[in-house]
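What follows is a short report on a single structure.
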Amino acid sequence: MMKTKLALMIVGCFSLTAQATNLNVGINDDVISTDLQMELNPSANLVMGYLYSDDEGHSISAAAHMTHDAGAHHFEVGPKFSHYWAKNSSNGSAVAIGGRYSLALGSNIALKASAYYAPSVLSFGSVDGQYELDGKVQYQVNPSLGLFVGYRNIRLQYDDRRDSTFDTGFYIGASASF
């Protein structure tokens with residue numbers, strides 16, 4: 001059943017690529033992550049993601065954001081659903097509230113950050129809370145390709161067992177726009 005859901009999610013991501021505007025892939029020694037962003041209209045987007053960790057397991061996510069541009073500043077705010085299949089702790093889901101921020105510094109360099117938090121009332125299964133923090137510096141090589149280096153921390157909280165760090169560490173990656 002779990003493998004069927006994962007396969008349907010991956011097939012769904014590939015079927016949406018015709019409407020996609022941005023594909024990000026990040027990697028380090030133990031983790032690979034990807035997300036596919038689709039513009040729904042000029043002020044809203046949908047982001048679907050997948051993360052695989054050799055040590056911790058894997059997760060899928062889907063976020064819907066309202067967006068706003070103010071000069072060099074770009075804001076995205078909305079809910080993010082994540083489901084975790086953890087190797088070293090219990091599985092579960094969370095609906096987090098948060099968003100993403102980008103600051104264009106000029107010379108094709110941007111600072112990007114995201115933060116999401118799910119309290120226990122929005123967490124399901126064995127998960128009793130979750131937070132995710134991510135920050136990166138991106139260099140835009142050309143209008144279609146960006147390269148980045150970043151740091152991510154995803155933490156799962158539990159009532160009946162120790163809290164677990166699902167992912168933490170530095171990564172490198174690329175962003176393709178089409």
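Each reported figure results from applying straightforward, stated rules to the coordinates on display, with no laboratory input. Just so you know, these numbers come straight off a predicted model, no measurement behind them. Please note: Cβ atoms are built from the backbone with ideal geometry, for glycine as well, and neighbour counts cover all protein chains shown.
Out of all the residues in the range 74-119, which are surrounded by fewer than 19 Cβ atoms within 10 Å (Cβ to Cβ), out of contact with any His (no Cβ under 8 Å at 6 or more places or on another chain) and assigned to a loop (DSSP other than H, G, I, E, B)?
87, 88, 90, 107, 108, 119
For the range 29-46, which positions are more than 18 Å from residue 85 (Cβ to Cβ), in contact (Cβ under 8 Å) with a residue 24 or more places away in the chain and crowded, with 17+ Cβ neighbours inside 10 Å?
Scanning the range 29-46 gives a single hit, 45.
For the list (1) without any contact (Cβ under 8 Å) to a residue 24 or more places away in the chain; (2) in contact with a Leu (Cβ under 6 Å, 6 or more places away or on another chain), I need the number of the one condition that residue 168 fails.
Against the list (1) without any contact (Cβ under 8 Å) to a residue 24 or more places away in the chain; (2) in contact with a Leu (Cβ under 6 Å, 6 or more places away or on another chain), residue 168 comes up short only on (2).
If you go through the range 125-136 one residue at a time, how many are surrounded by 14 or more Cβ atoms within 10 Å (Cβ to Cβ) and in a strand (DSSP E or B)?
Qualifying residue count, the range 125-136: 8.
Can you tell me which residues in the range 146-165 are under 16 Å from residue 124 (Cα atoms), part of a strand (DSSP E or B) and without any contact (Cβ under 8 Å) to a residue 60 or more places away in the chain?
Once the filter is applied, which keeps residues that are under 16 Å from residue 124 (Cα atoms), part of a strand (DSSP E or B) and without any contact (Cβ under 8 Å) to a residue 60 or more places away in the chain, the range 146-165 yields 155, 157.
State yes or no: is residue 139 touching an Asp or Glu at 6+ places or on another chain (Cβ under 9 Å), part of a strand (DSSP E or B), surrounded by fewer than 18 Cβ atoms within 10 Å (Cβ to Cβ) and without any contact (Cβ under 8 Å) to a residue 60 or more places away in the chain?
no
Quick one: residue 134 ticks every box in (1) without any contact (Cβ under 8 Å) to a residue 12 or more places away in the chain; (2) under 21 Å from residue 55 (Cα atoms); (3) not hydrophobic (A, V, I, L, M, F, W, C) bar one, so which box is it?
All conditions are met except number (1).
Could you run through the range 82-102 and say how many residues are touching a Ser or Thr at 6+ places or on another chain (Cβ under 6 Å) and not hydrophobic (A, V, I, L, M, F, W, C)?
The number of residues fulfilling the criteria is 7.
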